[in-house]
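Heads up, the thing below is written out as structure tokens.
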Amino acid sequence: MTATFDDVVGQRDAVEALRAALVRPVHAYLLVGPPGCGKEVAADAFAAALVCPNGGCGTCRNCELAAKGRHPDIVHSTRSGATISVEDLRTAATLAQRRPLEAARQVLIIEDFHLATRSAPALLKTLEEPPATTVFLLLADDVPPELVTVASRCVEVAFPPLSTAEIAAALASDGVEATTAREVARASAGNLDRARLLVADPSFAERLSLWRNVPAVLDGNGDIAVIVRQLLDATDAALAPLKERHAEDLAAREAASEAAGERSMPGRKEFLDRQARLERRYRGEELRAGLSMLQRAYGDLLAESLGSDAESTAEAKACGQAIDCITSSMASMKHNPNETLHFEALLIALRRCKVRV
Ligand SMILES: [Zn+2]
């Protein structure tokens, strides 16, 4: 169930650095890379190897427990809200003082550490005077300026986004047909998790053409409210494969817990919170992918309009304005606006650009 280093796609330098670190691990590692770059998989594999006395032999009791995702010394620190709070990190600092239960050391994993911009100082003292038997694995999408001090107390391991070719190759070895693998890899923006879900999603191509068609619908007399409804419904449907996978993961964990004779699955709430967070993030990525497709559609119209006469110049200018509108719409998505109002406003602005299709 838990990953090994062989499950990490690409990232040769990062995996090599982590393997080398097993000989004499330090007290804290910061794994930095964008979503879907494989840092979570690498962190799981590294944690499993860290609790094994032989650096991940695959056969001892520690390895067995780790493989089942049930090693008591591999602890995922959880957060209570949208960001990592001071309270969350104080709890992690207390946990860090605990003695390992099975292995010679415990591994404390904190995901989404880029969300600790305000609270990070709460962990500083622990990182400066680390308990001898705890190794921190901090995972972050990036290192904002507020985190530089904490980052300087850790060994940083960089995970660059995966290339389109690496993602296409990974999909092909999953058994995906080559052309589809390439198309999906291009739409996944370096995010392998997203690529794997897109492959499992039969409506992927339909959704892209829905976005691609927006300029034509706006040039005609399509009803903006109706178009926005269609786009958002398609986005809801896009989440179906992820939700299905989450339900399977939960069922597997519950079955493992029941088999172990536990009355209820430990950490159930945190597990569900994490799934909900991943679903929200996936939705955001889906909308951003749609907007890039829309931008590409206007880009193609711009390329077609290139000529020296007045009509082409006006047309090119209109396309340029439309592209700018989409750029600023993408930027303001960060503030979690009301989606319906947000996209209706964008489509009204785009119609005003008067691009002819
Ligand atoms: Zn082992």
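Quick note: the coordinates plus some simple rules give every number you see, no bench work behind them. Keep in mind that what you see is a predicted model, and the values were worked out from it rather than measured. So basically every Cβ, Gly included, is an ideal-geometry build from the backbone, and we count neighbours across all protein chains shown.
Couple of notes before you dig in:
Table: residues versus (1) charged (D, E, K, R); (2) surrounded by fewer than 16 Cβ atoms within 10 Å (Cβ to Cβ).
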{"residue": "Ala256", "(1), (2)": "no, yes"}
{"residue": "Met265", "(1), (2)": "no, no"}
{"residue": "Lys269", "(1), (2)": "yes, yes"}
{"residue": "Arg283", "(1), (2)": "yes, no"}
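- Within the stretch 76-93, residues that are of a type in the set (A, V, I, L, M, F, W, C) sit with their Cβ atoms under 6 Å from residues that are in a strand (DSSP E or B), at 6+ positions apart or across chains, in these pairs: Ala92/Ser77.
- Pairs where the first residue, in the stretch 102-117, is on the phi > 0 side of the Ramachandran plot and the second is of a type in the set (S, T, N, Q) and surrounded by fewer than 18 Cβ atoms within 10 Å (Cβ to Cβ), C-beta under 6 Å, 6+ apart: none
- Among the candidates Ala82, Ala158, the residue that is within 22 Å of Ala276 (Cα to Cα) and not β-branched (Val, Ile, Thr) is uniquely Ala82.
- Test: residue in the stretch 322-340 that is without any contact (Cβ under 8 Å) to a residue 24 or more places away in the chain, of a type in the set (S, T, N, Q), in a loop (DSSP other than H, G, I, E, B) and touching an Asp or Glu at 6+ places or on another chain (Cβ under 7 Å): no
- Subset of the stretch 19-50 [within 13 Å of the ligand (Cβ to nearest atom) and assigned to a helix (DSSP H, G or I)]: Ala45, Ala47, Ala48, Ala49, Leu50
- All positions within the stretch 51-99 that are more than 16 Å from the ligand (Cβ to nearest atom), buried (at least 18 other Cβ atoms within 10 Å of the Cβ), in a helix (DSSP H, G or I) and within 25 Å of the chain's Cα centre (by Cα): Asp88, Leu89, Ala92
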